[in-house]
There are 2 protein chains.
Amino acid sequence: MAKLRHNAGMNREIHCDLPIGVFDSGVGGLTVLKAIQEALPNENLVYLGDTARLPYGTKSPVSIERYATQAAAKLQEQGIKALVVACNTASAVALAALRAQMDDVPVIGVIGPGAAAAVEARPAGKHLVLATEATVGLGAYRIAIAERDPVAEVREQACEMLVSLAEEGWSNGEIARAIVRRYLDEATVAVPDTIILGCTHFPLLKDTIQDVADDDIVVVDSASTTARVVREVLERGALRRNSDSPGLLRLLATDGATRFARVGGQFLGRELSHRDVELVDL
Amino acid sequence: MAKLRHNAGMNREIHCDLPIGVFDSGVGGLTVLKAIQEALPNENLVYLGDTARLPYGTKSPVSIERYATQAAAKLQEQGIKALVVACNTASAVALAALRAQMDDVPVIGVIGPGAAAAVEARPAGKHLVLATEATVGLGAYRIAIAERDPVAEVREQACEMLVSLAEEGWSNGEIARAIVRRYLDEATVAVPDTIILGCTHFPLLKDTIQDVADDDIVVVDSASTTARVVREVLERGALRRNSDSPGLLRLLATDGATRFARVGGQFLGRELSHRDVELVDL
């Protein structure tokens, strides 16, 4: 019995050393990865960007679900103790399918945490969600906010050009401001209380959006709230890594290591080389 | 013998009734399809947009070649008498692989015709090519122009934001002008003689580009030159359809019939319904 219990203890420790898997259609999810690294610096992490098939935001739900479940299966193959779906579109479309697939590995999306952060910032507020076509088409934030605050008002605006702005590295300046202003004008006549960044590319544009929007509008980014939820889930499941050493990070992509390094570095806030990125097939 | 020759005649007629296959990563190639329809109104056409995996322009050559050969195989399955690669990126990366794959079906890319049109417009000229990252990365226009005009000067500029501008339907107005101006500023200090639209999305932006550029710069669009090459290839191969009735058009896409119809209508210059688009798997 003593031996068995010892083994069980060993196994638990090994299990807690497993990385948290973080998955996105491309590099945008690195904003979420960064927040998780800051909140949980001792955790091992493995990030998978499905760059061969990005963007997901303009694809159909059927394709998005197929892509997301394939990406999750690849991370499951590597051995992970939790899965973070760091892509709003995949969270909107495929969260239920991913939970069914991942058995007892907890699966955390970004839309619930984003909605919670907005409701916390402005209870009974008017929320404007900036997101991809697919996320808006499914009303994902509308539903998530209504569950948490039934009197809140929600308006959702598809903003595909903001994705390319962030990818091109044009997050500041007059062109970025003009594009943000146009989407805000198209979205709403009334002034919202919050603007929710409903796509993991958009935190790069946070300053520009705050700059264009009225000063008293709260710009809500789901990255830090998602990191908080990841910590809670790990603690609830006794899954925290028991070590003072900094966690390791592996970066996987399905295409274009050089481009991943160049664009991803902007999201992660540090230089990356193509040698930091492993190519995988899904 | 008489019977055999009669059959051979029949077969040739049936063969000439086969459609021309036109393939693109998405809807941009519809600008080329439209030019072919105008030049050859009696030809049957089948268009395949690989919308499940667009855009190709930011993907790696290995992925682009795999996607392009799969799309060509799907069109070959339907029966076609010629293949038009109406995508600059796929033409830059995969033309040799596609020619090897398609046996005796002639394969026509858009880069050769685009380069020829520019050289014809301004012999010994200075050419500025606006294209995707992948097309620029391979120097595809630089090579195609040098083959036709060794003293020409060529400068290539990657312009990913122009793709999203066209897809978003923001082809005119102040934002479009500001983005075009920025790329032109980044591209060159000297004033070019031509600007080559090296991506099938860009003809939608032709007016804006001409507006921003100096009046005496010729903006070259490969669509009409490609259509002329298609006509020559069909005539050379005795492949022209012998009929006065208007040709039929089938539209195939790998994802998102509704979005294909909405965005594609802008490229084709007429209203499309999602019922006009057949979904296929590659």
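Assorted remarks:
- Filter pass, A:ALA190 being farther than 24 Å from A:PHE267 by Cα and at pLDDT below 95: yes
- Looking only at segment A:106-129, and only at residues there that are without any contact (Cβ under 8 Å) to a residue 60 or more places away in the chain, outside any helix (DSSP H, G or I) and hydrophobic (A, V, I, L, M, F, W, C), the one that is most open to solvent (accessible area, probe 1.4 Å): A:ALA124
- B:ALA190 falls short on exactly one of the conditions (1) in contact (Cβ under 8 Å) with a residue 40 or more places away in the chain; (2) surrounded by 18 or more Cβ atoms within 10 Å (Cβ to Cβ); (3) of a type outside the set (S, T, N, Q), and that condition is (2).
- The residue that is nearest to the other protein chains (Cβ to nearest Cβ), among those in segment B:49-73 that are part of a helix (DSSP H, G or I) and of a type in the set (Gly, Ala, Ser), is B:SER63.
- Note on segment A:160-176: among residues that are under 18 Å from A:GLU186 (Cα atoms) and more than 9 Å from every other protein chain (Cβ to nearest Cβ), the one that is nearest to the chain's Cα centre (by Cα) is A:LEU162.
- Tally, over segment A:53-63, of residues that are of a type in the set (A, V, I, L, M) and surrounded by 24 or more Cβ atoms within 10 Å (Cβ to Cβ): 1
- Residues located in segment A:254-280, provided they are at the interface with chain B (Cβ under 10 Å from one of its Cβ atoms), of a type in the set (A, V, I, L, M, F, W, C) and in contact with a His (Cβ under 6 Å, 6 or more places away or on another chain): A:ALA257
- Selected residue [open to solvent by 10 Å² or more (accessible area, probe 1.4 Å) and modelled with pLDDT of 95 or more] from B:ALA72, B:ALA39, B:ALA86: B:ALA39
- Just one residue in the set A:THR258, A:THR226 is out of contact with any Asp or Glu (no Cβ under 6 Å at 6 or more places or on another chain) and either closer than 27 Å to A:CYS16 by Cα or not assigned by TED's automatic domain parsing to the domain that holds A:ASP17 (or both); that residue is A:THR226.
- Odd one out for B:LEU234 among (1) touching a strand residue (DSSP E or B) at 6+ places or on another chain (Cβ under 9 Å); (2) more than 13 Å from chain A (Cβ to nearest Cβ); (3) outside any helix (DSSP H, G or I); (4) under 25 Å from B:VAL84 (Cα atoms): (3)
- Selected residue (criterion: nearest to the other protein chains (Cβ to nearest Cβ)) from residues of segment A:25-36 that are outside any loop (DSSP other than H, G, I, E, B) and either over 12 Å from A:VAL85 (Cα atoms) or open to solvent by 10 Å² or more (accessible area, probe 1.4 Å) (or both): A:THR31
- Scanning segment A:242-282 for residues that are within 14 Å of B:SER60 (Cα to Cα), open to solvent by 50 Å² or more (accessible area, probe 1.4 Å) and in a loop (DSSP other than H, G, I, E, B) yields a single hit, A:ASP281.
- Within segment A:145-159, the set of residues being within 14 Å of chain B (Cβ to nearest Cβ) and surrounded by 20 or more Cβ atoms within 10 Å (Cβ to Cβ) comprises A:ALA158, A:CYS159.
- Of all the criteria given as (1) closer than 22 Å to A:PRO113 by Cβ; (2) in contact with an Asp or Glu (Cβ under 7 Å, 6 or more places away or on another chain); (3) within 14 Å of chain B (Cβ to nearest Cβ), the one not satisfied by A:ALA94 is (3).
- Checking A:ALA140 against (1) over 18 Å from B:ALA166 (Cβ atoms); (2) within 14 Å of chain B (Cβ to nearest Cβ); (3) not acidic (Asp, Glu), the condition it does not meet: (2)
- Taken together, A:ASP211, A:ASP185 contain a single residue that is open to solvent by 20 Å² or more (accessible area, probe 1.4 Å) and either of a type in the set (Phe, Trp, Tyr) or more than 14 Å from chain B (Cβ to nearest Cβ) (or both), which is A:ASP211.
- The lone criterion from (1) at pLDDT 95 or above; (2) farther than 23 Å from A:LEU40 by Cβ left unmet by A:ALA134 is number (1).
The values are calculated or read from the model by the stated rules, or taken from the named source; none is laboratory data. Since we're looking at a predicted model, the values are computed, not measured. Every residue, glycine among them, receives a Cβ derived from its backbone with ideal geometry; neighbour counts consider all protein chains shown. Surface areas here come from the heavy atoms of the whole protein model, side chains and all, with no ligands, DNA or RNA. Shrake-Rupley method; radii C 1.70, N 1.55, O 1.52, S 1.80 Å.
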